[in-house]
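Working notes, structure below.
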Amino acid sequence: MPTAEPREDELVGRARTVLAPLGAGYLDEIEAIYTDLHRNPELSGQEERTAAVAADHLEKAGFEVVTGIGGHGVAGVLRNGEGPVVMLRADMDALPVREATGLAYASDRRAVDDDGEEVPVAHACGHDAHLSSLLAAATLLAGSRQSWSGTVLAVAQPAEETGAGAPAMLDAGLYRDVVKPDIALAQHVVPLPVGIVGHRVGPMMAASAVVRVRIHGRGGHSSAPQATIDPVVIAAHVVTRLQTIVARETDPAACAVVSVGSIHAGTKANVIPETAELGISVRCYDTALQGGLLEAVHRIVTAEAAAAGAPREPEIEVVEGVPVNDNSPADTERVRATHQAYFNDGCVVEMPLLAASEDFPYFGAAGAGAHYEGDPVPTVYWVVGSASFDAWLSAPGDTPQEKVKHLPVNHSPQFAPDPRPTLLTASEALVTAALTHLASPAH
Ligand code: ZN
Ligand code: ZN
């Protein structure tokens with residue numbers, strides 16, 4: 001019978017066997033996949049080409065592949081005897097960002113977004129690194145079936161940036177019709193030095209919601225303000241007053257962010273417009289607190305419009321939202337222990353809470369009942385450093401927190417992972433984490 005909890009040294013030994021082909025030649029191949037994906041980014045929901053690349057590689061590696069799950073979602077299944085079903089997930093989508101890295105393989109792609117606007121597109125969040133590493137890990141595991149037992153479910157997920165991709169894949173039957181995993185694993189690149197793997201037990205990334213607000217006023221000539229109700233002034237009050245939600249309404253021991261990231265009104269200096277639109281981002285690490293923050297946004301926007309005598313109530317809509325990324329404690333400790341045993345001393349670090357967010361938690365407890373049936377699937381999520389040593393060493397500051405402030409972060413036009421060492425560590429981290437939860441081979 002396969003044993004469920006192999007000892008770490010035995011596990012690291014098997015990991016070295018599985019990862020043995022990951023030499024310079026194979027890294028060239030992974031890097032070629034990465035640069036191809038990087039050159040050809042696709043917006044959330046438009047990942048047709050990227051999904052085809054994923055499906056093709058998984059099929060060639062011997063996985064049974066299902067495509068078109070919840071949009072462009074791809075699932076590959078590799079059954080290899082008795083043992084747990086371990087899901088490895090990578091996201092595939094890029095961002096409407098004009099790449100300014102100056103790299104030889106930088107993207108010059110443009111696409112039409114959901115609002116009908118033509119926008120530049122770039123892999124500014126590193127999802128191309130996630131997918132390349134997933135395909136590498138899947139291929140390595142498929143090539144070493146004598147070293148493990150169980151089932152690997154490789155998932156290439158669309159539309160992570162909108163928070164819609166994970167629930168869409170689940171709603172389309174990923175767990176019901178393909179296979180339900182016993183554990184789901186995922187990783188993200190961050191601007192820490194290459195070679196670093198960061199873990200955190202419990203909540204790791206924020207619950208996030210995007211609120212879109214349209215304030216209605218009454219337009220007119222700027223020379224006759226008494227005949228108008230100025231939505232620009234209402235919007236200005238809203239922006240200022242929203243700052244008090246965190247400063248005055250939230251327990252200082254809790255963490256919360258309310259940011260107005262977009263504000264649009266008017267076309268001309270001497271015309272008072274009819275409407276003003278705000279895009280508001282709300283983040284925290286607690287589902288109940290998130291409800292309170294959203295209620296406060298609603299109350300303030302409505303009251304400021306009423307205070308100005310707006311002719312209509314504002315429209316307030318939560319357009320995107322994802323739950324807290326909450327790492328299952330015991331399973332995360334197991335993966336961390338394997339990573340500590342496998343990687344060099346000092347490479348595995350404890351992560352602080354991250355204010356960024358993820359739709360990955362839907363694959364775990366946050367999706368149970370709402371997006372799939374049965375017991376919640378435990379999840380483990382970690383981060384992998386992608387900043388080159390040169391960039392890290394030359395960044396000013398003595399602490400990681402200070403240095404990160406001076407490095408291009410995810411979503412920046414300058415975000416540029418150092419590909420080779422990033423892909424190496426990410427592939428190793430995924431394979432070793434998978435082996436931690438797969439069974440030992442039957443003897
Ligand atoms: Zn992102
Ligand atoms: Zn991302």
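The values are calculated or read from the model by the stated rules, or taken from the named source; none is laboratory data. Remember, predicted model here, so these are calculated numbers, not experimental data. All Cβ positions, even for glycine, are placed from backbone atoms using ideal geometry, and neighbour counts span all protein chains on display.
Comparison of ALA416, ALA426, ALA434 shows that the only residue that is at pLDDT 95 or above, farther than 16 Å from VAL189 by Cβ and of a type outside the set (Ser, Thr, Tyr) is ALA434. Look through the stretch 85-101, keep the residues that are surrounded by fewer than 24 Cβ atoms within 10 Å (Cβ to Cβ) and more than 10 Å from ligand 2 (Cβ to nearest atom), and return whichever of them is nearest to GLU117 (Cα to Cα). So, considering only residues that are surrounded by fewer than 24 Cβ atoms within 10 Å (Cβ to Cβ) and more than 10 Å from ligand 2 (Cβ to nearest atom), the one nearest to GLU117 (Cα to Cα) is PRO96.
Look at (1) crowded, with 22+ Cβ neighbours inside 10 Å; (2) in the same structural domain as ALA306 (by TED's automatic domain parsing); (3) of a type in the set (S, T, N, Q) and you find that GLN187 fails only one, number (2). Taking the stated definitions as given, is SER222 surrounded by fewer than 17 Cβ atoms within 10 Å (Cβ to Cβ) and touching a strand residue (DSSP E or B) at 6+ places or on another chain (Cβ under 6 Å)? Answer is yes for this residue.
Among the residues making up the stretch 95-105, a single one is of a type in the set (Gly, Ala, Ser) and touching a residue at least 60 places away in the same chain (Cβ under 8 Å): ALA100.
Restricting ILE215, ILE263 to those that are surrounded by 21 or more Cβ atoms within 10 Å (Cβ to Cβ), within 29 Å of PRO323 (Cβ to Cβ) and under 33 Å from the mean Cα position of the chain (by Cα) reduces the list to ILE215. Taken as a whole, the structure places PRO203 among residues that are away from ligand 1 (no atom under 16 Å from the Cβ) and either in contact with a His (Cβ under 9 Å, 6 or more places away or on another chain) or in contact (Cβ under 8 Å) with a residue 40 or more places away in the chain (or both).
Checking each residue in the stretch 105-124 for being over 16 Å from ASP418 (Cβ atoms) and either crowded, with 16+ Cβ neighbours inside 10 Å or of a type in the set (A, V, I, L, M, F, W, C) (or both) picks out SER107, ARG109, ALA111, VAL112, VAL119, PRO120, VAL121, ALA122.
Selection of the stretch 131-156 for residues being within 16 Å of ligand 2 (Cβ to nearest atom) and of a type in the set (Gly, Ala, Ser) yields SER132, SER133, ALA156.
Looking at the structure I just gave you, is PRO314 of a type outside the set (Gly, Ala, Ser), surrounded by 22 or more Cβ atoms within 10 Å (Cβ to Cβ) and either within 16 Å of ligand 1 (Cβ to nearest atom) or more than 26 Å from the chain's Cα centre (by Cα) (or both)? The answer is yes for PRO314. Could you check, for the stretch 248-268, whether at least one of its residues is in a helix (DSSP H, G or I) and more than 28 Å from VAL190 (Cα to Cα)? Checked the stretch 248-268: at least one residue is in a helix (DSSP H, G or I) and more than 28 Å from VAL190 (Cα to Cα). The set of residues from the stretch 356-383 being of a type in the set (D, E, K, R), within 15 Å of ligand 2 (Cβ to nearest atom) and out of contact with any Gly (no Cβ under 7 Å at 6 or more places or on another chain) comprises just one member, GLU358. The C-beta contact set for the stretch 236-252 (first residue of a type in the set (S, T, N, Q), second residue part of a helix (DSSP H, G or I), distance under 9 angstrom, 6+ apart or interchain) comprises THR244/ALA296; THR244/ILE300; THR250/LEU289; THR250/GLY292; THR250/LEU293; THR250/ALA296.
Could you please let me know if ALA24 is in the same structural domain as VAL74 (by TED's automatic domain parsing), under 28 Å from VAL335 (Cα atoms) and without any contact (Cβ under 8 Å) to a residue 40 or more places away in the chain? Here the answer is yes, as ALA24 does meet what is asked.
Condition check: away from ligand 2 (no atom under 13 Å from the Cβ), closer than 28 Å to CYS255 by Cα, surrounded by 23 or more Cβ atoms within 10 Å (Cβ to Cβ) and at pLDDT 95 or above. Does ALA159 satisfy that? No.
Note on the stretch 388-431: residues that are of a type in the set (Val, Ile, Thr) and closer than 19 Å to ASP91 by Cα amount to 4.
Filter the stretch 127-149 down to the residues that are of a type in the set (Gly, Ala, Ser) and surrounded by fewer than 24 Cβ atoms within 10 Å (Cβ to Cβ), then identify the one that is farthest from ligand 1 (Cβ to nearest atom). Step by step, filter the stretch 127-149, then rank; the result is SER149. Which of the residues that make up the stretch 15-30 are of a type in the set (D, E, K, R) and within 14 Å of ALA137 (Cβ to Cβ)? Scanning the stretch 15-30 gives a single hit, GLU29. Of the strands (runs of 3 or more DSSP E) that lie entirely inside the stretch 165-244, those containing 2 or more residues that are among the hydrophobic types (A, V, I, L, M, F, W, C) span 183-193, 202-205, 207-216. For the stretch 114-126, the tally of residues that are touching a Ser or Thr at 6+ places or on another chain (Cβ under 9 Å) and in contact (Cβ under 8 Å) with a residue 60 or more places away in the chain stands at 6. Just one of (1) touching a strand residue (DSSP E or B) at 6+ places or on another chain (Cβ under 8 Å); (2) more than 29 Å from VAL258 (Cα to Cα); (3) polar (S, T, N, Q) trips up SER208, so point out which. That leaves (2) as the condition not met.
Flag not set for ILE245, criterion: touching an Asp or Glu at 6+ places or on another chain (Cβ under 7 Å) and at pLDDT 95 or above.
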